[in-house]
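None of the figures in this text is laboratory data; all of them are computed from the coordinates on show. Keep in mind the model is a prediction, meaning the values are calculated, not measured. Don't worry about glycine lacking a Cβ; one is built from the backbone with ideal geometry, like all the others, and counts go over all protein chains shown.
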Amino acid sequence: MLTSQKLQMPPVMNERSPDDHKNSVIARNPGLCGILPANQKLAFVDIGLDSSRRRRLILIREADGTLRHAYASERDRLNQIFFPLPGRRLRTPSLFRDANLEVALKNGLHEYVLDLILIQFEPDSPDYIRISQRVYNDAVAKIWACYQTASDQSEDDSANIVTRLRLTRHYGPFALYVISRLQRPACLVQEALFHQALDTVYRLLILTSLLHPDSNFAMRAVEKGIPSSTPERDHFVPVNKIILDIVRTFIDTWPLEPEQKNQLDLSLAQCYQFDDTETADMHSEAP
């Protein structure tokens with residue numbers, strides 16, 4: 001159970017609606033004004049075990065006598081007090097301050113930060129979305145810079161950030177953000193193609209086609225065998241030659257800067273060469 005939870009991709013959710021201060025009020029009782037000190041409130045929490053963290057009834061009595069539903073930040077705090085989650089703190093860790101977060105990202109701690117915000121915040125909270133997107137943006141910014149256009153392509157430590165993320169549960173939400181929100185799938189294709197992770201390349205191109213169905217690539221990719229809807233067999237991956245031909249179509253049809261196109265061309269050429277060598281070796285070993 002614990003292992004499956006650790007391997008499960010984090011949910012991708014829209015940011016929760018801002019607190020509705022007007023409609024959250026249940027009753028105003030001016031006669032109760034003055035009973036509580038001005039800086040104190042009363043919290044009423046349904047501690048029944050059949051209530052979920054999101055649906056649990058939590059009410060707040062203000063010092064002026066107003067009775068209202070708890071705001072999101074109050075709900076998160078009171079849930080943690082009465083039903084604590086392992087690792088979550090009542091106070092936001094100092095790591096998430098801008099200066100400290102910048103240091104963590106410079107040191108390549110992207111996966112650590114993503115793991116920590118999963119523990120600390122709800123996935124629809126503004127803090128979770130803000131910090132995760134900052135981590136994603138930082139990782140994306142380091143992809144192209146680390147690949148050289150020379151024939152002896154090499155990568156530095158910054159490239160390993162995305163490679164490490166590709167091997168974690170965070171890669172799915174990361175790829176969805178980059179392809180859907182940033183509309184920059186080429187950087188992810190380049191990283192996976194450079195490492196000849198062709199199954200990942202294929203799935204990235206499927207996602208690109210599904211999220212941008214009106215693009216030139218999507219219309220051309222269907223002719224090459226990319227599914228036009230969510231594939232029924234998620235584990236199906238075609239042979240390398242078909243995947244590389246689809247990558248060729250992507251390079252030719254997706255808007256790319258000249259430098260990015262050159263880098264993708266080099267990575268693609270290396271994959272073709274490796275695939276030809278592997279095929280020749282298989283034929284030579286055949287009886």
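Quick notes on this structure:
- In terms of packing, defined here as the mean over residues of other Cβ atoms within 10 angstrom, the peptides 70-82, 95-107, 181-193 line up highest first as 181-193, 70-82, 95-107.
- Options (i) 1.04; (ii) 1.33; (iii) 0.98 - which one matches Cα Rg over 2.2 N^0.38 Å as calculated here: (ii)
- Net +/- balance of residues flanking residue 95 in space, Cβ distance below 11 Å, scoring K and R +1, D and E -1: 0
- Taking 0.36 nm per residue of sequence separation and removing the Cα-Cα distance, the residue 262/residue 102 pair yields an extension gain of 54.5 nm.
- Cβ-to-Cβ counts within 10 Å put 122, 15 in ascending order as 15, 122, the fewest first.
- When each of 254, 144 is scored by the number of other beta-carbon atoms lying within 10 Å, the sequence from fewest to most is 144, 254.
- Charge dipole (debye, nearest 20) of the stretch 5-54; +1 at Cβ of Lys and Arg, -1 at Cβ of Asp and Glu: 80
- Sites residue 216 and residue 274, calculated FRET efficiency, Cβ-Cβ separation with R0 25 Å, nearest 0.05: 0.35
- Highest-first arrangement of 219-227, 35-43, where packing means the average Cβ count within 10 Å: 219-227, 35-43
- Part-to-part distance (alpha-carbon centres) for the stretch 208-247 and the stretch 89-134, which is given in Å: 34
- Around the amide H of residue 29, modelled in the peptide plane, lie the amide H atoms of 66, 67, all under 5 Å away and 5 or more residues distant in sequence or on another chain.
- Environment charge at residue 59 (Cβ cut-off 12 Å; Lys +1, Arg +1, Asp -1, Glu -1): +2
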